[in-house]
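As structure tokens, the structure follows; a few thoughts come after it.
Any read-out appearing in this document is the output of simple, stated calculations on the displayed coordinates, not a laboratory observation. Computed from a predicted model, the values in this text were never measured in an experiment. Quick reminder, even Gly has a Cβ in these numbers, built from the backbone with ideal geometry, and neighbours come from all protein chains shown.
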Amino acid sequence: MPYIRAYPAELPVLGGLLPGIKTPVQIIAGRKDPVVPTANAEYLHERLPHSRLDVLDAGHFVWEEAGRRPWRTRSAKPRPTGP
């Protein structure tokens, strides 16, 4: 997975671009994900001005593990969208 290896080097560039995204974004992450830590989702949420973060009690394949049961989330409040 070359994109995973490139992520640390590309993160500073990405971090600088995220605040300019005005589209509402919902970020969904698995609390038990052994591949991508929830810190990555938190990083995105902190920098995307109109984002909502939901951390589900699931692993990497959230849609398969949590898809048929009620999702229990630790949801960060969505930021208000302005004019």
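How large is the convex hull of the Cα atoms of segment 1-56 per residue, expressed in Å³ as a whole number?
Roughly 80 Å³ of hull volume per residue.
First measure r as the distance between the Cβ atoms of Glu65 and Lys22, then evaluate 1/(1 + (r/R0)^6) with R0 = 41 Å and state the FRET efficiency to the nearest 0.05.
Efficiency, from the Cβ-Cβ distance: 0.85.
Efficiency by 1/(1 + (r/R0)^6): what FRET value for Asp57 and Arg5, r their Cβ-Cβ distance, R0 = 35 Å, to the nearest 0.05?
0.75
Where the centre of each part is set by its Cα atoms, how far does segment 49-66 sit from segment 27-48, in angstrom?
8 Å
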